[in-house]
Structure formats: structure tokens, C-alpha cells
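Student: Just passing along the structure, written as C-alpha cells.
The values are calculated or read from the model by the stated rules, or taken from the named source; none is laboratory data. These numbers come from a predicted model, not from an experiment. Cβ coordinates were reconstructed from backbone atoms using ideal geometry, including for glycine residues, and neighbour counts include every protein chain displayed. The area values use the complete protein model at the heavy-atom level, side chains included, leaving out ligands, DNA and RNA. Shrake-Rupley method; radii C 1.70, N 1.55, O 1.52, S 1.80 Å.
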Amino acid sequence: MNRRTVLTLSATATFAALAGCTSPGRYRLGLQEQDPDELPNIIVTALPEHTRVDISSDTQSDEVPITLVDITKPVDGGVVYGDETYYDLSYNQREQASDYVSLSVDATKVENPDEDIDFAQLPTQDQTVVEYVIQSGGSSQPAVYTEDELDSSVIAEGLANSGSEQETVITYEGQHWTVMSTTSERQLHVYEYTGEVIGSSEEELVDWIQSELIFTLSDLTDDQQEVIEQAINGKYESSDEEEAYVDIATVFHNHRPIETATDTGGDWLVEYNSQLYEASLSHPAGTIDRSEGTEEA
């Protein structure tokens, strides 16, 4: 049985998504200095605010089933934090979210209501949704419930048909809010992942990062060094497929990226002259032979 888990997620510190800005015939590399003490903030993947996360509690294995529910695929992979544990996600498959219900929930302050329900009396999923909506200023927010959660819900009990709605007055931190829940037409999907347990502390995460992600650039030719120095001092960019660039790009693709590399680039952690950098690489498809020897998150 999966249980609802709210993940605490750090913001990803990628400085420029060069890999997502590829244009035909452009070869780019950017390197930005990073503080090793900030490695957890660089690595931990920030999921979309509205993605529902369920982490299995039925296994003692180092590989844990993790389900993300949303209208689109939230992430390809990466490191997330939940249940006081860091996990390395690997994507498995997508399925229809037949056991989940999509809602839209908003909230408006109200004075002297005839009836109200205290926030503490709400079931866990209602509390999660109501608190998020109120902290968002009451504006309409998407929410995802399992059918069982909907059956026990206070703010959405009985919402079975698309278009139906329900008002409930909730007292939250001394203020009264009219919470409106409406069933939504959003087409949800279940994205199934395997989460490899990294550890429960930042120290364990840093050890894992140093072992799995960071590699050293060394023994470079003069031309390769010139490419790297340009990337450090600003950004290397060329319309020509230079051998030095291709050699460096091949080295990157032969190591594990921060999240997932594609045939047009990615992001890596690399040491050069004893300094840690986050590197963003982008190039036309086909620049690198990724048929063997390359790694993905």
C-alpha cells in the first residue's frame, strides 16, 4: 500500500539550461563555479508544486517504488527527498490514473460563518491541500486525491461527477475560509519510478554525489584547455564542430549527468584545476556517439 508523502524539495541551482536551448549548428559549453557545501541544493530535484508523490512503505529494500501523479511527466529522473530519505529516481513507465481524482480547490476569507470546521479536524490529505491553497493566497490550485481519500474527505466528500462542487468553511490559524472544491477535467497520469535509497543525511548525500556524479577533467590538450577556459570565463560557443569540443563533450557523456542527458546535451558536475563546476553542454543531435559507454541518471 502506498501512502501520501509530501516531499521537501530544494530548488535546483542549474545556472542556465543550455541543454534546453539548442539551436541548429551551435556548439555550447558553460561552466559555473560551485561551492561544494551547496551540493545538496544543486542536486535535489525540484518537482512541480502540484505533483502528487506516493512513496511505498511496504519494502525494506534499497530500491523503493515511488509514484508521481500529474498531467505530464514531472521529471525524467534525479534525486528527491521524502520520508527523511534521499532517493535516486529511475523512470519506469506511465499508466492511466484510474485510482486518482483531480480537483480544483480555492479559498476565500469569510467573517462570522454560521458553521465551520477546525483545520485540525480535517484528514491528512485535506490538511495538505487546504494549507497549500491558503498559503497561496486562496487562488485556485489543482489537487489530487485517491478514491479512498475522497471518501473520507471533509472538503470534497461526495464529489463523484465532473463539474460538481462543494463549499466548506474551515478555521485555519484563527481565520475563517470558505473552501470551494470542484472536480476537474484534468487528465491525470501515474508515472512510476524506482527510488534507490541514498541515505537520510546530507553527509550521505554528499558522499554519494562525490562518488557517483563528480569527475575530474585532466590531461587536456592545448585546444581542449582553450575550450574549457572560454566556458569558464563566459560561455564557449561555436558554429563549427571543433575536434576539441567533441572530445570534451564525449568525456562528459561518458560520465553520469546531474539528471538525464540527451543526444543534444545535459548538465554535469566536474572538477577542473581543483575547482568544482556545474557544466551545461548543448550541441546538435549526432555530435556524440551515445550508442555505448554513456551514462544517464
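Student: Select from the stretch 80-132 the residues that are aliphatic (A, V, I, L, M) and assigned to a loop (DSSP other than H, G, I, E, B) and list them in ascending order.
Tutor: Listed by number, the residues that qualify are 97, 110, 122.
Student: Here are some residues: 192, 167, 204. Which one is open to solvent by 40 Å² or more (accessible area, probe 1.4 Å), of a type in the set (Asp, Glu) and within 30 Å of residue 110 (Cβ to Cβ)? Step through it out loud before you land on a result.
Tutor: Values: 192 fails: within 30 Å of residue 110 (Cβ to Cβ); 204 fails: within 30 Å of residue 110 (Cβ to Cβ).
Selected residue: 167, the only one of 192, 167, 204 that is open to solvent by 40 Å² or more (accessible area, probe 1.4 Å), of a type in the set (Asp, Glu) and within 30 Å of residue 110 (Cβ to Cβ).
Student: Going by the structure shown, is residue 239 over 27 Å from the mean Cα position of the chain (by Cα) and open to solvent by 60 Å² or more (accessible area, probe 1.4 Å)?
Tutor: So residue 239 fits the description; yes.
Student: What number of residues within the stretch 65-81 satisfy the criterion of being β-branched (Val, Ile, Thr) and open to solvent by 10 Å² or more (accessible area, probe 1.4 Å)?
Tutor: 4
Student: Among (1) open to solvent by less than 30 Å² (accessible area, probe 1.4 Å); (2) closer than 22 Å to residue 221 by Cβ, where does residue 257 come up short?
Tutor: Failed condition: (2).
Student: Among (1) open to solvent by less than 10 Å² (accessible area, probe 1.4 Å); (2) at pLDDT 95 or above; (3) of a type in the set (A, V, I, L, M), which single condition is residue 214 missing?
Tutor: The number of the failed condition is (1).
Student: Still on this model: Does residue 39 satisfy being outside any strand (DSSP E or B) and closer than 30 Å to residue 226 by Cβ?
Tutor: yes
Student: When you go through 124, 108 one by one, which is the residue that is surrounded by fewer than 19 Cβ atoms within 10 Å (Cβ to Cβ), touching a Ser or Thr at 6+ places or on another chain (Cβ under 6 Å) and modelled with pLDDT of 90 or more?
Tutor: So the residue among 124, 108 that is surrounded by fewer than 19 Cβ atoms within 10 Å (Cβ to Cβ), touching a Ser or Thr at 6+ places or on another chain (Cβ under 6 Å) and modelled with pLDDT of 90 or more is 108.
Student: Sticking with this one: Which of (1) open to solvent by 70 Å² or more (accessible area, probe 1.4 Å); (2) of a type in the set (S, T, N, Q); (3) over 30 Å from residue 158 (Cβ atoms) does residue 287 not meet, given it meets every other one?
Tutor: In the conditions (1) open to solvent by 70 Å² or more (accessible area, probe 1.4 Å); (2) of a type in the set (S, T, N, Q); (3) over 30 Å from residue 158 (Cβ atoms), residue 287 misses (1) alone.
Student: Among the numbered criteria (1) more than 30 Å from residue 209 (Cα to Cα); (2) of a type outside the set (Lys, Arg); (3) open to solvent by 40 Å² or more (accessible area, probe 1.4 Å), which single criterion is violated by residue 84?
Tutor: Tallying (1) more than 30 Å from residue 209 (Cα to Cα); (2) of a type outside the set (Lys, Arg); (3) open to solvent by 40 Å² or more (accessible area, probe 1.4 Å), residue 84 fails exactly one: (1).
Student: Among the residues in the stretch 230-242, are any at pLDDT 90 or above and under 30 Å from residue 156 (Cα atoms)?
Tutor: No, the stretch 230-242 has no match at all.
Student: What pairs come out if I take residues in the stretch 280-297 that are assigned to a loop (DSSP other than H, G, I, E, B) and pair them with residues that are aromatic (Phe, Trp, Tyr) and modelled with pLDDT of 75 or more whose C-beta lies under 9 Å away, six or more apart or interchain?
Tutor: From the stretch 280-297, the pairs are 283/27; 283/245; 284/27; 287/27; 287/245; 288/252.
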